[in-house]
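K.L.:
Just passing along the structure, written as C-alpha cells.
The values are calculated or read from the model by the stated rules, or taken from the named source; none is laboratory data. Computed from a predicted model, the values in this text were never measured in an experiment. Here the Cβ is made from the backbone with ideal geometry for all residues, glycine too, and neighbour counts use every protein chain on show. We work out accessible area using only protein heavy atoms, side chains counted, and drop any ligands, DNA or RNA first. Shrake-Rupley method; radii C 1.70, N 1.55, O 1.52, S 1.80 Å.
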Amino acid sequence: MAEELHIAQGGKEEKYALLYKQIEAVTGSESDTIANMANVAAMIHHTFGFWWTGFYRVIDGTLVLGPFQGPLACSRIAYGRGVCGTAWKESTTQVVPDVEQFPGHIACSSASKSEIVVPIIKNGAVTAVLDIDSEHLATFDGTDRQWLEKIVELL
Ligand code: SME
C-alpha cells in the first residue's frame with residue numbers, strides 16, 4: 001500500500017515536472033494572458049483528465065469566467081462566495097477534499113467531488129484564480145498545490 005502510494009505520488013510529481021517545462025515553453029513565447037490561460041487550462045486538463053479546469057478573472061469587482069476546459073460553468077462569482085471567491089478573499093490556495101463539506105460551495109456540476117483553487121497574485125492583489133474540479137473525492141494534495149502555485153506564476 002505504501003509502495004503503491006509512493007508510485008502514484010511519484011507519477012504525479014513526474015507529470016507535473018514535465019507539464020511545468022511545457023507550460024514554461026508555451027507561455028514564455030506568448031505575451032497575451034488569455035491565450036496563455038487557454039493553453040494552460042488545456043495542458044493541465046488533458047495531462048490529468050480532470051473534470052473541469054479553468055480560470056476566473058477579477059473584472060470590475062467580480063470573478064468572471066475565463067478560458068476553461070470541461071462542461072459549462074457559472075459565468076460570475078462574487079467576492080468571498082464559494083471556493084473561488086474564498087481563494088480571492090483570502091489570497092490563498094483552497095484545497096477542498098469534499099466539496100459538500102465546504103460551506104457555500106457553488107455547485108456548477110453535481111459531478112464535482114473535490115476541488116483546488118489557486119489565486120494568481122500580481123503586486124499584492126488577486127487578478128484571477130485557477131479552479132480545478134475532480135469527479136473523485138480528495139484528488140488534490142500538497143503536491144498539486146505546490147506545482148499549481150508555481151505554474152500560475154508563469155502567467
Ligand atoms: N465550485 C466553484 C465554482 C466554479 S465551478 O466549480 C467551475 C466554487 O465554489 O467557487
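K.L.:
What are the residues in region 95-108 that are closer than 16 Å to Tyr56 by Cα, out of contact with any Gly (no Cβ under 6 Å at 6 or more places or on another chain) and touching a residue at least 24 places away in the same chain (Cβ under 8 Å), if any?
P.N.:
Matches in region 95-108: Cys108 only.
K.L.:
For Asp141, work out the one condition from (1) over 14 Å from the mean Cα position of the chain (by Cα); (2) more than 15 Å from the ligand (Cβ to nearest atom) it doesn't fulfil.
P.N.:
(1)
K.L.:
Same structure again: Is there a residue in region 30-53 that is open to solvent by 40 Å² or more (accessible area, probe 1.4 Å) and modelled with pLDDT under 95?
P.N.:
No, region 30-53 contains no residue that is open to solvent by 40 Å² or more (accessible area, probe 1.4 Å) and modelled with pLDDT under 95.
K.L.:
Let me ask something else about it. So, restricting to strands (runs of 3 or more DSSP E) that lie completely within region 6-116, which ones have at least 1 residues that are aliphatic (A, V, I, L, M) and closer than 14 Å to Leu148 by Cβ? Explain how you work it out, then say what you get.
P.N.:
Working: elements: 52-59, 62-69, 94-96.
Strands (runs of 3 or more DSSP E) meeting the threshold: 94-96.
K.L.:
Same structure again: How many of the residues making up region 123-137 are touching a residue at least 40 places away in the same chain (Cβ under 8 Å) and within 16 Å of the ligand (Cβ to nearest atom)?
P.N.:
10
K.L.:
If you go through region 54-83, how many residues are at positive phi and either surrounded by fewer than 14 Cβ atoms within 10 Å (Cβ to Cβ) or β-branched (Val, Ile, Thr) (or both)?
P.N.:
The total comes to 3.
K.L.:
Another question, if that's okay. For Ile120, which of the numbered conditions (1) open to solvent by 30 Å² or more (accessible area, probe 1.4 Å); (2) outside any loop (DSSP other than H, G, I, E, B); (3) hydrophobic (A, V, I, L, M, F, W, C) fails to hold?
P.N.:
(1) is the only condition that Ile120 fails.
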